[in-house]
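What follows is one structure encoded as structure tokens, with my remarks underneath.
Just so it is clear, none of the values below were taken in a lab; they were calculated from the coordinates. For clarity, every value in this text was computed on a predicted model and none was experimentally measured. Every residue, glycine among them, receives a Cβ derived from its backbone with ideal geometry; neighbour counts consider all protein chains shown.
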Amino acid sequence: MIAADAAWIFYLKRDYDQFLEQARAAVELAPNYLVAQQMLGLAYEKKGDFARALQVLEETRRVDNSVTTLEMLAGTYAAAGRPAEARRVTEEMVQRSRKRYVCAYEVATTYAGLRDRESAFAWLRKSLDERADCSPWIAADPKLDPLRSDPRFQDLLRRLGISVTSSR
């Protein structure tokens, strides 16, 4: 768990070389720890190795079909230039949200990856309205970088009580 958390710090810093190294170390320490597997898939994606990223995340999905795994899978499909697959997985998340709780933040990040700003902002607002525990990641999560230049993004940060003087 500590190794996976350390990987997350490198992810947030956008140090993707160290992110990949730490994610690999986390998987070596605990090959069955799903969060480490998710981190490894995300690290491969951030390094542009989409084939490996998809392999890891599809394998993870067979064991853990959680929304977090789906979010990472959809984001990787989008980054790999496979928007149809990304939309299919995102729609699965949306459909699931109609029957049970799904963290709106995770749906928002998939729309951000698809460059669908309107849907991304709608789901981010929902995330704040429902006080999703992952909402504070808005300030740092690289998945939301495509939205940072939009004035609505600064409004979300203000709503969270987060002051950011510069955008990425």
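Annotations for the structure displayed:
- Selection status of Thr68, crowded, with 23+ Cβ neighbours inside 10 Å and either touching a residue at least 24 places away in the same chain (Cβ under 8 Å) or over 28 Å from Glu130 (Cα atoms) (or both): no
- Flag if Ser119 is in contact with a Phe, Trp or Tyr (Cβ under 6 Å, 6 or more places away or on another chain) and surrounded by fewer than 21 Cβ atoms within 10 Å (Cβ to Cβ): yes
- The range 137-159, residues that are of a type outside the set (D, E, K, R), over 18 Å from Tyr101 (Cβ atoms) and surrounded by 14 or more Cβ atoms within 10 Å (Cβ to Cβ): Ile138, Ala139, Ala140, Pro142, Leu144, Pro146, Leu147, Phe153, Gln154, Leu156, Leu157
- Residues that are of a type in the set (Asp, Glu) and closer than 19 Å to Val56 by Cα, drawn from the range 76-98: Glu85
- The C-beta contact set for the range 12-23 (first residue under 11 Å from Lys47 (Cα atoms), second residue in a helix (DSSP H, G or I), distance under 6 angstrom, 6+ apart or interchain) comprises Arg14/Pro142; Tyr16/Lys46; Gln18/Phe10; Phe19/Ala7; Phe19/Phe10; Phe19/Tyr11; Phe19/Ala43; Leu20/Ala43.
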